[in-house]
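To start, the structure itself, in structure tokens.
The values are calculated or read from the model by the stated rules, or taken from the named source; none is laboratory data. Predicted model only: the values in this text are computed from it and were never measured. Note that we place each Cβ from the backbone using ideal geometry, even for glycine, and neighbour counts take in every protein chain shown. These accessible areas exclude ligands, DNA and RNA; they are computed on the full protein's heavy atoms, side chains included. Shrake-Rupley method; radii C 1.70, N 1.55, O 1.52, S 1.80 Å.
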Amino acid sequence: MIIILFLLLVGFYWSITFLLIFKLVRRRGHETSLAEIFMLSALALGVEIVIITEGLSLFSAITEMNVRAGWSIAFVFTAGVSIRSVLNQANILPKLLQEIRAEINKLLKSGWALKLIVGILILQAAVLLAIIFIYPIPNDYDSMTYHLARIIYWDQQGNLAHFASHDLRQITFPPFAEYALLNARFLMGSDSVTRLIQWFSMVVAMIGVTEITKKLGGNSLQRAMSALLTASIPMGIMQATTTQNDYVLAAWTVCLVVFGLATLQNISNPWSVGAVGVALGLMMLTKGTGYIYALPFGIWFIYRMLRTFGWQ
């Protein structure tokens, strides 16, 4: 019951963040899809995790009570701004619901193949979520010796400073995924929801891949197939129920590509330009291989930007 309440609160917080970003983006008149707004909300959540964790660490104040207080302040602020936005612009919520209904109606009117693929994706996500609930504590080697272990030390000393460790990964590897684990653990009061971080990252990655396919000219069926191929990666299926960080990195990498393509289409959109920088920063803060994955995309984006401006 407590886990269900936790998920409802997280879902509500994501919803009001989504609504706020939708309002800010559309007020400027930028053409941004619902999938892109979903990924912008994920990036915003990632930035909040960094700010709260690093901010408390500055004062050696990383405790369960302080983390909960930090998120309570963020929750109240975001809810207040979202409610005020709805009151000041009465058509914003109906407009959002109208766009969501349009996407659902488009799916309902599609062919059986598209419906089947979407059904398989939803079923897979539900099964993986059920596994997390049934077996809440991870038992893979990396989680027990590295990912979860380092957050116990942070909890013990109240900050993110280095500590004596026989496993150098705990004090040298990029820490964003563990920041998220730390916050989830403190908010829930146990490790039972820590594996949701990778699961949510899987969802972000699948939605992002469909948007990449769309920007490259793919139709609805091709977008669904790209999501299915992403969801069927064996290592991805295994990692979606662990506390490792590969799917977290994958989510930020997909965000980088999505908003990189959006920037190439419209460089005057500050949301896509800013999202590229945020996604790149979160990649670097999540895993060392982020540098390797970002390099070819960065070279290609620079080349395309030069071509776009006519620099042969």
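Can you tell me the orientation of helix 176-188 relative to the chain, as the angle in degrees between its alpha-carbon axis and the longest Cα principal axis, to the nearest 10?
70 degrees
Please report the spacing between the Cα centers of the stretch 250-307 and the stretch 68-104 in Å, no decimals.
Taking the Cα centre of each part, the stretch 250-307 and the stretch 68-104 sit 27 Å apart.
How large, in percent, is the carbon and sulfur part of the accessible surface of the stretch 198-312 at a probe radius of 1.4 Å?
73 percent
Show that you can apply the helix-only estimate: for the chain, add -39,500 (n - 2.57) for every DSSP H stretch of four or more residues, divide by all residues, and state [θ] at 222 nm to the nearest 500.
Using -39500 (n - 2.57) per qualifying helix, the result is -25500 deg cm²/dmol.
Let's see if you can work this out: charge +1 on each Lys and Arg Cβ, -1 on each Asp and Glu Cβ, no other charges. What is the dipole magnitude of the stretch 26-172 about its Cα centre, in debye to the nearest 20?
The calculated dipole for the stretch 26-172 is roughly 800 debye.
How many Lys pairs in the chain lie less than 19 angstrom apart by Cα atoms, where the lysines are 8 or more positions apart or on different chains?
7
Over the chain, give the accessible area per residue in Å² for a 1.4 Å probe, as an integer.
51 Å²
Which residue, Q157, Q239, Q198, has the most motion in a Gaussian network model of the chain that connects Cα atoms within less than 10 Å?
Ranking Q157, Q239, Q198 by mean-square fluctuation puts Q157 first.
Report, to the nearest whole %, how much of the accessible area of the stretch 1-92 belongs to carbon and sulfur atoms, 1.4 Å probe, protein only. Let's see the in-between values first.
Details: 3580 of 4950 Å².
That share works out to 72 percent.
Helix 148-157 versus the longest principal axis of the chain: what angle, 0 to 90°, nearest 10, using Cα atoms?
On a 0 to 90 degree scale, this one is about 60.
Nearest 20 debye, what's the magnitude of the dipole of the stretch 185-247 about its Cα centre given +1 on Lys and Arg Cβ and -1 on Asp and Glu Cβ? Don't jump to the answer; show the numbers that get you there.
Working: 5 positive and 3 negative charges, 33 e Å.
My answer is approximately 160 debye.
Could you work out the local net charge near A180, counting Lys and Arg as +1, Asp and Glu as -1, over the other residues with Cβ closer than 12 Å to its Cβ? Provide the component values of the computation, followed by the final result.
Working: positive: R185, R195; negative: E48, E178.
Once positives and negatives cancel, what remains is 0.
What list of ³J(HN,Hα) couplings, whole Hz, do you get for the stretch 95-101 from phi and the Karplus terms 6.51, -1.76, 1.60, once you set θ to phi - 60° and write x for glycine and proline?
Values, residue by residue: 5, 5, 4, 5, 5, 5, 4 Hz.
Calculate the length of the line joining the C-alpha centroid of the stretch 147-162 to that of the stretch 1-51, in whole Å.
Each part's Cα centre sits 28 Å from the other's.
Work out the charge dipole of the chain with +1 on the Cβ of Lys and Arg and -1 on the Cβ of Asp and Glu about the Cα centre, then indicate which of L216, Q157, A275 is farthest towards its positive end.
It is L216.
If you roll a 1.4 angstrom probe over the protein chains with everything in place, what fraction of the accessible area of the stretch 129-181 belongs to carbon and sulfur, to the nearest %?
C and S atoms contribute 64 percent here.
Round to the nearest 10 and give me the degree value, 0 to 90, for the angle of helix 64-88's Cα axis relative to the longest principal axis of the chain.
20 degrees
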